[in-house]
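Q: Would you mind keeping the following structure in view while I ask a few things?
The values are calculated or read from the model by the stated rules, or taken from the named source; none is laboratory data. From a predicted model like this one, the values you see are computed outputs, not experimental measurements. Cβ sites come from the backbone with ideal geometry, for glycine too, and all protein chains shown count toward neighbours. Only protein heavy atoms, including side chains, enter the accessible area calculation; ligands, DNA and RNA are left aside. Shrake-Rupley method; radii C 1.70, N 1.55, O 1.52, S 1.80 Å.
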Amino acid sequence: MLRVNTLKSARFIYQVFSSDCNATCHKSGGSVSKLSYRHTRAPIVSPEPEKFDPSRFEGKGPAPYTFIPFGGGPRMCPGNEYARVVILVFMHHLVTRFKWEKVFPDEKTIVVALPTPAKGLPIRLFHHQK
Ligand code: HEM
């Protein structure tokens, strides 16, 4: 999901860009907002955004400024390397120590400005058998 949904689904930038923002931004008044939800689904950024394809991160990985969960440029998130390590360790233990089970197997996705699991996507964790 990392490719299609970033943790920050939208943010507001208060400078006006001179570059073409059509693929990912819309202008409103004097500010520009970027919707990660749209950005990550733009065909120029990701031809098959819904496809589970970890290989897109192999080699040189995504082209610059196409995968931007931590923003980019001089104001890029300074916590990004730390956050990646924490998430990596967390996911390692979550995957290797537990089986997962959805609490609501048929939970629908509803749209509240942005797609959101209707019941928050709770899961139950079970220790793997040793
Ligand atoms: C998964 C975790 C995180 C995500 C997805 C995330 C995402 C972001 C994004 C998108 C920005 C805006 C970047 C831009 O304007 O281009 C940002 C800024 C920032 N983040 Fe994070 N962040 C994460 C974790 C952290 C952590 C762990 C820290 C600190 C320990 C941190 C500290 C900051 C700070 C201080 C800024 C403001 C940077 C500036 O305006 O110069 N973030 N983050």
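Q: Under the condition of being within 10 Å of the ligand (Cβ to nearest atom) and open to solvent by 90 Å² or more (accessible area, probe 1.4 Å), which residue from the stretch 69-91 is farthest from residue 125 (Cα to Cα)?
A: 74
Q: Looking at (1) open to solvent by 80 Å² or more (accessible area, probe 1.4 Å); (2) modelled with pLDDT under 90, which one does residue 120 not meet, given that it meets all the others?
A: Of (1) open to solvent by 80 Å² or more (accessible area, probe 1.4 Å); (2) modelled with pLDDT under 90, only one is false for residue 120: (1).
Q: Which ones in the stretch 92-109 are assigned to a strand (DSSP E or B) and open to solvent by 70 Å² or more (accessible area, probe 1.4 Å)?
A: 99, 100, 101, 102, 109
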